[in-house]
Each structure stands twice: as structure tokens, then as C-alpha cells.
1. Looking only at the range 146-159, decide whether some residue is free of Cβ contacts under 8 Å to residues at least 40 places away in the same chain and not aliphatic (A, V, I, L, M).
2. With the requirement that a residue be out of contact with any strand residue (DSSP E or B) (no Cβ under 6 Å at 6 or more places or on another chain) and under 17 Å from E225 (Cα atoms), what does the range 150-178 give you?
3. What are the residues in the range 262-282 that are farther than 18 Å from D56 by Cα and open to solvent by 10 Å² or more (accessible area, probe 1.4 Å), if any?
4. Just to confirm my filter: which helices (runs of 4 or more DSSP H) fall fully inside the range 152-261 and include at least 2 residues that are open to solvent by less than 20 Å² (accessible area, probe 1.4 Å)?
5. Is it fair to say T88 is open to solvent by less than 60 Å² (accessible area, probe 1.4 Å) and at pLDDT 95 or above?
6. What residue, among those in the range 58-80 that are closer than 11 Å to T9 by Cβ and either of a type in the set (S, T, N, Q) or open to solvent by 20 Å² or more (accessible area, probe 1.4 Å) (or both), is farthest from the chain's Cα centre (by Cα)?
7. Are there any pairs with C-beta distances below 6 angstrom linking a residue in the range 182-210 that is of a type in the set (K, R) to a residue that is within 12 Å of the ligand (Cβ to nearest atom), with the two at least 6 apart or on different chains, and if so which?
8. Starting from residues that are in contact with a helix residue (DSSP H, G or I) (Cβ under 6 Å, 6 or more places away or on another chain) and assigned to a loop (DSSP other than H, G, I, E, B), keep the ones in the range 283-297 and report whichever is most open to solvent (accessible area, probe 1.4 Å).
Amino acid sequence: MVKPRVYVTRMLPSPALEILKEYCEVEVNLRQEPPSKRELIDRVKDKHALLCLLTDSVDSEVMNAASDLRVISTYSVGYDHVDVEEATRRGIYVTNTPGVLTDAVADFTWALLLGVARRIVEADRYVRSGEWKVAWSPTLLMGCSVYGKTIGIVGLGRIGMAVAERARGFNVRVLYYDVRRLPLEVEQRLNLEYRSLEELLQESDFVSLHVPLTKETYHLIGEEELRLMKKTAFLINTSRGAIVDTRALIKALKEGWIAGAALDVFEKEPIEEDNLLLKLPNVILAPHIASATVEARSKMAEIAALNIISVLKGEKPPHLVNLDVLNVKPLEEVKMI
Ligand code: NAD
């Protein structure tokens with residue numbers, strides 16, 4: 001039997017490569033940067049599996065080049081960078097790594113929320129720059145209190161729910177908006193209040209985004225939505241950059257429609273050097289690291305590799321995105337090991 005060939009678009013934490021190497025021939029892009037589109041196309045040509053990252057756009061052009069590709073495994077929960085419809089049509093399995101990064105992202109969301117409300121990054125800059133000359137000042141770097149406030153969670157899936165759970169310790173009231181509403185008794189048991197997006201924006205002190213990037217959520221938060229928020233409210237985004245219209249957000253922050261924002265994700269990553277967000281003091285900016293804990297990233301690596309091995313063994317992978325593919329190309333037909 002031919003040994004399956006896998007292309008891995010970046011060096012991953014252990015144990016992804018060890019797992020793959022047990023069954024497959026593995027080629028890895030060892031550079032820090034993602035492969036260029038051309039390189040990706042060249043590399044996948046003779047491969048049976050692709051382990052990619054959210055920085056790799058896997059579209060029909062890439063799939064055209066890979067006539068024997070059976071599985072695209074992304075090292076992320078979000079899969080907006082993969083043309084899933086196209087993959088399904090071609091009988092290519094698409095898998096992701098949900099669940100294992102939920103707590104890491106939820107923790108980081110609260111870190112951003114507390115950071116922007118209590119001005120922690122500004123405070124750090126203040127101390128380091130040598131500006132701290134008076135021992136204690138009654139009004140220095142006053143922030144906004146978090147305890148007892150209201151958070152509005154947009155997208156109450158795995159991560160949104162984990163963010164909601166953490167609100168209890170801060171006595172923060174939780175509103176949520178989602179296309180799928182929970183049964184009333186579950187809402188009551190978990191102390192969650194359903195709102196329309198408009199109501200949530202109007203009532204929340206913190207708005208936190210946890211929806212996937214889709215055609216429906218692209219620029220879900222634009223000028224109109226930002227104008228609905230309280231002037232004292234903060235926007236936290238750890239989902240995907242394009243869910244927020246950056247131009248509208250910059251305007252909102254400059255003109256004081258909202259108090260501040262904390263962002264882990266951007267429409268363009270890495271952020272453009274001339275992006276005005278870099279100049280605004282009431283914003284915290286992080287380089288897409290919400291899931292970046294040693295624990296979460298190694299679990300993600302393990303799952304991304306196991307997803308590939310399962311498909312190639314002709315078994316249903318732990319996290320299959322495109323369930324319909326099972327009807328297009330049954331598992332027996334993709335089996336290689
Ligand atoms: P999930 O699928 O469990 O939750 C998403 C929720 O959004 C679901 O409840 C769904 O019903 C809801 N939703 C979908 N479309 C909607 C719409 N149009 N309007 C309102 N609600 C809608 O996903 P998850 O595991 O919680 O992850 C959420 C997203 O977070 C991912 O898709 C990913 O893009 C992002 N993410 C970012 C990082 C990071 O490093 N910053 C890490 C992990 C995940």
C-alpha cells in the first residue's frame with residue numbers, strides 16, 4: 001500500500017508530527033511564515049492530506065492542484081479560510097479542532113475585558129515610560145468597574161458559553177444573542193437572558209463576539225450597531241476580525257460612541273502598519289493569541305493530526321466539519337491505512 005503523503009503548512013507543537021509520522025510521509029514548511037499561495041499549490045500536488053492553519057486560504061485553486069487530496073485538517077476551530085462547500089463537492093473531508101481551546105479563549109476574553117476596563121496595558125506603559133512620579137494619585141488611570149455590570153455575548157456556542165460561565169465570579173449579568181435560542185428552562189438555570197442583537201448592544205456594558213465568520217456575520221458589527229452601544233461600553237473581539245467593520249470601529253473609538261475595545265483579531269493580519277487602531281489609547285491589541293496556551297495548542301495539534309489519521313484509516317474523524325461529505329465519498333473510498 002502507498003504510504004499517505006501529508007503537507008503541514010507550519011511547524012506545530014508536539015505531538016502532531018509524531019502522530020502523523022507513524023503512518024505517513026510528512027513534509028513540513030519549516031519557515032516562520034505561511035507558504036505563499038503558489039507554494040501551497042505546489043506542495044499539495046502529490047499529497048493525500050493537508051494540515052493547514054487559519055493563515056492558509058484553501059480554495060478551489062488549491063484543491064484543483066491536489067487531485068488525490070482526501071482530507072483538509074485545520075489547526076483551528078474556525079474554518080472560514082477553507083472553501084468547505086467546494087471540498088464537500090469534491091469528496092474532501094474537512095476537519096477542525098473545537099473544544100480543546102474553549103477555556104483558553106474564554107480566559108483570554110476575560111483578560112482582555114478586564115485589561116481594557118481597568119486600563120492595565122496603559123498602566124504598564126505609564127510605569128515603564130518613567131511617567132510615574134507621584135506615589136499615589138486620587139484620579140490616576142481611573143477605569144471602569146467590572147463587578148456587577150452586564151456582558152452581552154454574541155454567539156453563545158462553546159466559547160460564548162465558557163465566557164458566560166466565568167461571569168458568575170464577577171457578579172456580571174449575562175445577555176446573549178444567537179441564531180439558536182436555548183430552551184427557557186436552560187436559560188433560567190444558567191442565568192442567561194436572551195436578547196435581539198439590537199437590544200443586547202443597547203443594554204450591555206461589555207459586548208463580546210463569539211460567532212464564526214460566515215457570509216451572515218461578515219461586518220455584523222458596523223456603524224449602525226456601534227452607534228447602538230452605550231458610550232461607556234467596551235467591545236471585545238476574540239472571534240474573527242471581519243465580524244467587525246474596522247473603519248466604523250475606528251470612528252466609534254475616535255468619536256467616543258463607545259469607551260474602548262480589546263481585539264485579538266483583525267480584518268487584516270498582521271495588522272497594517274498604518275492602521276489607526278495602533279494610535280488609539282483606549283484599545284488593547286493582541287496578535288491573535290486567544291488560544292495560545294501550551295496546553296491548548298498541543299491538544300489542538302494532537303487533534304489536527306488524529307483527524308487526518310482517522311480519515312486515512314477510513315474512520316469517522318473526531319471533528320468532521322462537512323458531514324455531507326460522507327455521502328459524497330464514503331470513508332471506505334478514502335481509506336489508505
Ligand atoms: P461554536 O460553533 O461552538 O459557536 C458559535 C456560535 O455562534 C453558535 O452558537 C452559533 O449558533 C452562533 N452563530 C453562528 N452564526 C450566527 C449568526 N449569524 N448570528 C448569531 N449567532 C450565530 O464555535 P466556538 O468553538 O465557540 O468558536 C467560535 C469562533 O471563535 C470560531 O468560529 C472562531 O472563528 C473563533 N475563535 C477564535 C480564536 C482566537 O484565537 N482568537 C480561537 C478559537 C476560536
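The values are calculated or read from the model by the stated rules, or taken from the named source; none is laboratory data. All of these numbers come straight from a predicted model, not from anything done at the bench. Cβ placement follows ideal geometry from the backbone for every residue including glycine, while neighbour counts extend to all protein chains displayed. With ligands, DNA and RNA removed, areas are computed over all heavy atoms of the protein, side chains included. Shrake-Rupley method; radii C 1.70, N 1.55, O 1.52, S 1.80 Å.
1. yes
2. G155, D178
3. Our first condition is that a residue be farther than 18 Å from D56 by Cα; within the range 262-282, this holds for 262-264, 272-282.
Selection gives E272, E273, D274, N275, L276, L278, K279, L280, P281, N282.
4. Numbers: elements: 158-167, 184-190, 197-203, 223-228, 246-255.
Passing ranges, in order: 158-167, 197-203, 246-255.
5. yes
6. Here the answer is S73.
7. Partner pairs satisfying both residue conditions: R195/Y177.
8. Here is the first cut: in the range 283-297, the residues in contact with a helix residue (DSSP H, G or I) (Cβ under 6 Å, 6 or more places away or on another chain) are 283-284, 290-291, 293, 296.
After this cut, where a residue has to be assigned to a loop (DSSP other than H, G, I, E, B) as well, the list is 290-291, 293.
Numbers: A290: 8, S291: 16, T293: 51 Å².
Filtering first and then ranking leaves T293.
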